[in-house]
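Written out below as C-alpha cells is the structure these notes cover.
Bear in mind that the values in this text are calculations on the coordinates, not laboratory data. From a predicted model like this one, the values you see are computed outputs, not experimental measurements. Every residue, glycine as well, gets a Cβ built from its backbone with ideal geometry; the counts of neighbours run over all protein chains shown.
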Amino acid sequence: MKGVQLYHCVHYLKSLGKSIRDIAAITEVSPGTVVKYLKTDQEQAQQMLIKVKRTSEFDRLKQLIDEQLTLFPEISSVKLLRILKETHPEIKAKERSFRKYLAKIRSDYGRSSMRFYKPIQTDRPGFQVQVDPGEDWILLDNHEKMKVYFVAFIFGFSRQRYFYLQNRPFNTGDFIRAHKEAFEFFGGIAKEYVYDQTKLVVISERYREVWLNEEFHKFALSSGFLPVVCEGYDPESKGKVERLVQYIKDDFLYGETFVDLSDVREKSQTWLTRVNNQVHSTTNQIPSILFNEEKKVLKPYVGEQVSEKRLVDKTGLISFKSNKYSVPYQYQQKAVLINTAGDMLIISDVKSNEEICRWQISSAPGIRNLNNNHYRNYKEELSKVRENCLADLVEFKDSEQLINKIITENPKIQRDQLNGLRQLYAKHKSENWSNIIELSLQMQTVRTSVIEEIINKTKTKRDIEEINKKTANPNKPVLVSKLDRPLEKYNEVIR
C-alpha cells in the first residue's frame with residue numbers, strides 16, 4: 001500500500017481512534033510516515049503523492065521487444081538490450097533500467113523453464129516416505145579421507161529418519177538393499193516412496209511418462225509400495241529428505257573422525273537415536289513419539305530368510321527341493337547363495353551378494369530348469385555377429401532383411417542363429433542364395449533350421465530334375481519334389 005491509498009487509510013484508522021503505533025503496525029510503515037501523512041491535508045497529499053506516469057523510451061520499441069520475447073521467451077535482458085541498441089543506437093538507457101522494464105512485461109510471455117508444482121500429501125500417518133541419495137567425504141583417524149555414499153529416508157508425517165551408508169556408489173542391488181534395511185529399521189513399509197529421477201529408479205522420461213528401472217520396479221511391486229517420481233531438487237515434492245541429506249552431512253559426517261566404514265555405521269545408529277528423539281523444528285514434536293502412531297498403519301515387513309550356500313555342479317546346476325536350476329557358466333563347480341522371495345528362487349554371488357539370476361520355483365519335483373544363456377559366452381556382441389553375417393551375404397538382395405527377421409523372431413538365441421546362418425553359407429556357397437533368401441522370407445517363422453531345410457529341398461528338387469532330364473522316358477512316372485507343391489503345403493511340412 002502506498003500513495004493516495006495509504007494516505008486515506010492512515011486518516012481512516014485515526015478516525016477510528018487508533019494510535020500512531022497501531023496505525024504504523026497495520027499499514028506496515030514507520031510511525032514517522034504516519035505522522036507526516038496525518039499533518040498533510042488532502043490537497044497537499046494529492047500534489048505530493050499522485051505521480052504522472054512517464055513513458056519509457058522502450059515503449060516505442062514495444063513491437064520489436066514483443067517479437068523477440070514471443071520467439072525467445074527466455075532471452076536475457078542483456079542480450080535483448082544489445083539487439084535493440086544494434087538497430088536503435090540512439091537508446092541511452094542502462095541495463096538496469098531495461099531489466100526493470102522487462103520484468104514488468106515478461107510475465108505475459110511463456111517460459112519453457114517454468115515449473116509447476118503439485119503438493120505432495122504428507123499429513124497422513126504411514127502414507128509417505130521421501131528417499132534421496134547423497135555422498136560426502138569423511139576424515140579417518142589416520143588423517144586420510146574416504147568417500148561415503150548413503151541413501152536417506154524420512155517419513156512425511158512423523159519425520160522419523162534413517163539412512164543406509166556404504167563406501168562405493170550405489171547400484172540397483174545396493175539401492176534395494178538400502179530399502180530393506182530401512183524397512184527393518186522402521187519395522188514396516190509405507191504406502192508410497194518419493195524419489196527424484198535417479199537412474200536407480202528411473203530409466204527414462206518423455207512427456208512426463210516415466211519408465212522405471214525394471215529390477216527396482218519388481219522389487220516395489222513385490223514389497224507392496226508405490227514408487228512416486230518427481231522432478232529432481234523439487235522442494236515442493238521432496239524438500240524434507242533433501243534437508244535431511246544436508247543435515248546428515250553437516251551434523252553427522254562433518255566435524256567427526258572415524259576408524260573405518262564399520263565405525264561410521266555404528267556411530268550412525270547413535271546419531272539416529274538422538275535426532276529421532278529430539279523435538280523437530282517444524283512439527284515441534286518428537287519424531288519417535290509421532291512414529292508410534294504411524295507404525296500402527298504400516299504394512300508389516302517380514303525380513304529375508306538367511307541365505308544358504310549351494311555348490312554348482314560341473315553341468316552348471318544347483319539343487320533345490322528336488323529340482324535342478326541352471327546358473328551362468330562362470331559359476332560351475334563354485335559355491336553360490338540361494339534365497340527365496342515368494343515363489344522365486346534367487347541365486348546370488350557369495351562374495352558380493354549381488355543377484356546372479358532368479359527362477360520361478362517349480363511346483364512339481366524332478367524338473368530340470370535350464371536357461372540356454374547360462375551355457376554361452378556372450379562376450380561377443382550381437383552387433384559384431386550381425387556385422388559378420390551381413391558381410392557374408394551382402395551381395396544378395398534382401399539379405400539384411402533376412403538377418404533382421406532372424407534376430408527379431410529368435411530373441412533368446414540370436415547369436416546362435418546368426419552363427420548357424422554363417423556356417424550354412426560357408427557350407428553351401430554354390431547354392432542360389434538369392435532364391436533361398438526369397439523363399440525364407442516367405443516363411444511364417446524364420447530360423448536357421450528352416451533355411452537349412454530350404455537348402456536341402458532345393459538341392460533335392462534340382463537332383464530330381466536332373467534325373468528326369470537324363471531318363472527322358474515318357475512312359476516312366478516323373479518324380480515330384482515337395483518344392484513343386486504350393487508354398488502353404490511346404491510351410492506345413494517344415495513346421
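The figures follow:
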{"item": "All lysines inside 22 Å of residue 334 as judged from Cα atoms, apart from same-chain residues fewer than 8 positions distant", "result": "309, 314, 321, 324, 351, 379"}
{"item": "Eligible lysines near residue 36 by straight Cα distance, threshold 27 Å, same-chain separation 8 or greater", "result": "2, 14, 18, 51, 53"}
{"item": "Exposure proxy ranking, count of Cβ atoms within 10 Å, fewest first, for 192, 308", "result": "308, 192"}
{"item": "Karplus-derived HN-Hα couplings along the range 463-469 (A = 6.51, B = -1.76, C = 1.60, θ = phi - 60°), whole Hz, x at Gly and Pro", "result": "5, 5, 5, 5, 5, 5, 5"}
{"item": "Derived scalar couplings ³J(HN,Hα) [the range 129-135; Karplus, 6.51 cos²θ - 1.76 cosθ + 1.60; whole Hz; x for Gly, Pro]", "result": "10, 9, 10, 7, x, x, 8"}
{"item": "Spin-label pair residue 140/residue 462, simplified geometry with 7 Å Cα→Cβ offset, distance in nm", "result": "7.1 nm"}
{"item": "Built amide H within the under 5 Å cut-off of residue 202, gap 5+", "result": "213"}
{"item": "Spatially close lysines, pair count over the range 382-431: Cα under 17 Å, gap of eight or more or interchain", "result": "4"}
{"item": "Placed amide H near residue 132: partners under 5 Å, 5+ positions off or other chain", "result": "152"}
{"item": "Hz values of 3J(HN,Hα) by residue in the range 60-76 - Karplus curve (6.51, -1.76, 1.60), Gly and Pro given as x", "result": "6, 9, 4, 5, 5, 4, 4, 4, 5, 5, 5, 6, 10, x, 9, 4, 6"}
